[in-house]
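Engineer: To start, I am sharing the structure in question, which I have written as structure tokens.
The values are calculated or read from the model by the stated rules, or taken from the named source; none is laboratory data. Bear in mind that the values here come from a model prediction, so they are computed numbers and not experimental data. So basically every Cβ, Gly included, is an ideal-geometry build from the backbone, and we count neighbours across all protein chains shown.
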Amino acid sequence: MNPKSLTKSTDDRTIGFAGLGIMGKPMALNMVRAGTNLIVWNRSSNKCEPLRAAGAQVAENIDDLFERTTTVLIMLLHEAATDAFLGRGTTAFAKRISGHTIVNMGSTPPSYSRELDSEIRLAGGRYVEAPVSGSRKPAEEGILVGLLAGNPDIVSEITPLLQPMFREIVFCGPIGHGLLMKLAVNLYLITMFTGLVEAIHFADKNGLDLEKFQAALDAGPMASNVTKVRGPMIIRRDFNTQSAISDCLNSTLLITSQAREANLASPLIEVCKTLYAEATSLGHRAKDMAAVLCAIEARTNSLAR
């Protein structure tokens, strides 16, 4: 069990949590285990049952969640899902938002987040940007990194609430900078990880003993938790989802779009974007990002024809 689960929350407010996917479910569970009074909502209601079993309340619908809370954490897939949940562009938006603090932990374009912040403030609400750095296992262990942005006073107020989910929280500055920080971190992570996959493919196809390759890698200056934990998973073709191919592809799209907006060159992540798109087209969309190996193998096989 996560040691943080033994540290009880001192906040007696009922907190809303929307989005119980690969990341959201373990994050919400850690909050409940820490003593947070949590009420959850998910579009597929069956995903709420593990939270109910752990002690969370389950909202009957979105409006029920907003009526019973003043702080709502959202971990939704994309902008469309976020807009639909908030009722953005409809008469429901102002009713839901007024008097609420919205903490957006999903991955969206920074420009979208800035626009949402403006609309939330106009509707009488408050907004904090809180994207997370990490995959499913860190989410389960409560050791994600939170990249918070927004009004410093509001961020300071809600930070204690978020502690059960995070090993560390970094304040990144004004709205937009939390997501920009995540994009910068993911640029490094995805290019590094894809390089590791290609290196394993190179070693394998050149007839090297992959256990010895792993030992050589772990003994060298590039050794890290990524190489030590994920390297063996790649070698044994364990594609059990920690970070899905679809999520990695989405990250590459966000990063390259932001690079174009800022008039920056982004050659490495552009290559990764193509590889993750190819892995998706091969049917590996829901598998772990390690399945990008299949896209590299497909390119190798095409050379042999």
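Engineer: Within 30 Å of PRO26 (Cα to Cα) and assigned by TED's automatic domain parsing to the domain that holds THR191, is that true of ALA290?
Structural biologist: Taking the combined requirement at face value, the residue satisfies it.
Engineer: A further question follows. With respect to the numbered conditions (1) out of contact with any strand residue (DSSP E or B) (no Cβ under 8 Å at 6 or more places or on another chain); (2) not in a helix (DSSP H, G or I), which one is the sole condition not fulfilled by PHE239?
Structural biologist: The single condition PHE239 does not satisfy is (1).
Engineer: Suppose we filter ARG260, ARG305 for residues that are in a loop (DSSP other than H, G, I, E, B) and either small (Gly, Ala, Ser) or more than 21 Å from ALA139 (Cβ to Cβ) (or both); which single one remains?
Structural biologist: ARG305
Engineer: When the stretch 111-133 is examined, which residues are found to be closer than 26 Å to SER257 by Cα and either among the hydroxyl-bearing types (Ser, Thr, Tyr) or free of Cβ contacts under 8 Å to residues at least 12 places away in the same chain (or both)?
Structural biologist: SER111, TYR112, SER113, GLU115, SER118, TYR127, SER133, listed by residue number.
Engineer: Taking GLU49 as the residue in question, decide whether it is of a type outside the set (Ser, Thr, Tyr), part of a helix (DSSP H, G or I), outside the structural domain of GLU261 (by TED's automatic domain parsing) and more than 18 Å from ASN186 (Cβ to Cβ).
Structural biologist: Criteria met by GLU49.
Engineer: Given (1) within 22 Å of ILE22 (Cβ to Cβ); (2) in contact with a Lys or Arg (Cβ under 6 Å, 6 or more places away or on another chain), where does TYR276 come up short, assuming only one miss?
Structural biologist: All conditions are met except number (2).
Engineer: Give me a count of the residues in the stretch 63-92 that are in a helix (DSSP H, G or I), touching a residue at least 40 places away in the same chain (Cβ under 8 Å) and in contact with a helix residue (DSSP H, G or I) (Cβ under 7 Å, 6 or more places away or on another chain).
Structural biologist: Residues meeting the conditions: 2.
Engineer: Is it true that SER224 is surrounded by 14 or more Cβ atoms within 10 Å (Cβ to Cβ), of a type outside the set (D, E, K, R) and free of Cβ contacts under 8 Å to residues at least 12 places away in the same chain?
Structural biologist: yes
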